[in-house]
Amino acid sequence: MAALAGLLECLLWPTRKDEEAEKEEEAGAQGPQSLLAAPRCSQRPHGGVAASSGLRFGASAAQGWRTHMEDAHCAWLSLPGLPPGWAFFAILDGHGGARVARFGARHLPGHVLEELGPAPSEPEGVSQALRRAFLNADERLRSLWPRGEPGGSTAVVLLVSPRFLYLAHCGDSRAVLSRAGAVAFSTQDHRPLRLRERERIYHAGGTIRRRRVEGSLAVSRALGDFAYKAAPGRPPELQLISAEPEVAALARHTEDEFVLLASDGVWDVMSGAALVGLVALRLRLDLAPELLCAQLLDTCLCKGSLDNMTCIVVCFPGAPRACEEAIRREHALDTALGRRVAELCASAQEPPSLNTVFRTLASEDILDLPPGGGLHCKAAVIAEAYSQLFQASEECWEKGQDGAGKPSSTHLNSALNLEA
């Protein structure tokens, strides 16, 4: 992990930092958000299985380059008072602090359960219950913040029943459904320039400047943000910023594979199609969903995401299974990358930096790289090979093994336990 952090620190920094500052300035924000000198890559992946329904999930989160972690999430594989087969998952991405996101992760499931009742009618009754639950949670939060403290949070929710998948969201955290190997559905971000959003903002007496509500908020729906919910005589769902979610009810199919939910730090650098391809391949490698999520976030960090990131992968019985051929090809790729790292180090007149090694590999035509992630998906493998190599061959660099004051590729391959 330390090697990966070092690679991330120099790979796209400070170039990306400058780009981010320029983007914030163009968007009219009060100033670029503070970024760390090096990313915080540590994660605590976790997951679970519901044997009765064949449902399994994995989740992970990374603070990344931001000075504070403002994401929160929750996962319930069973719901009290409802039959087996119901489950609830949510990701909340805070802005102006983490308080709203943490509140949502803790209390939104309870509001959903309260609105569903013991015998929810599907699909319309459940869809309406989700809408009411979001608005009720927002009103409860307002009662706890009588002075209207700043801060808000986007939210994306997956509610699973034996017959339907319900996706509810407000803001720019997204979800995508993979069915039969392709994107079957994806949520759409709530941005001020979307027609329905723009009309609501204008009718509530608001303005849109630099593609932001009142020149400040980049999303047009969120929990919290009560300073934008004070237009007199208008219900909560018609304020400048609304907590009303957009809800999609999708009938389940045997071809349903998985749903991926993620905060916008993931979507900043990966498309829905790329993520579906990458997740499907990692499942064929027999990777546990929680480890898959951790790898996905590492990939997004390496691809240049500067935001907090959280992702949840919920797998259904039709999800891709372990494939011996995919596992064999992945092992061969890792071995080839390790050998190439050794060759690059052996051919250099002095020890190359990890950044130099990665950029050299990125310029080469390497077969069987993962879809979507490409070489960035193998950054941890490259960083680990580099770290192991120099730990094992420090003395070799000092004395030389081939009479030329540098290690031979044979010795370096041996240090990585690779065949010559």
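None of the figures in this text is laboratory data; all of them are computed from the coordinates on show. From a predicted model like this one, the values you see are computed outputs, not experimental measurements. Neighbour counts run over all protein chains shown; Cβ positions are idealised from the backbone, glycine included.
When a/c is below 1.5 the answer is rounded, else prolate if a/b is larger than b/c, else oblate, so apply that to region 39-315 with a ≥ b ≥ c taken from the square roots of the Cα gyration tensor eigenvalues. It is oblate, given that a/c is not under 1.5 and a/b is not larger than b/c. Placing a label point 7 Å from the Cα of R140 along the Cα-to-Cβ direction, the residues of region 99-125 with a backbone N closer than 15 Å are 100-117.
Sequence-ordered 3J(HN,Hα) estimates for region 233-240 from the Karplus curve with 6.51, -1.76 and 1.60 and θ = phi - 60° stand at x, 10, x, x, 6, 10, 7, 3 Hz, glycine and proline given as x. Working from label points 7 Å from Cα in the Cα-to-Cβ sense, the C323 to D365 distance is 2.3 nm.
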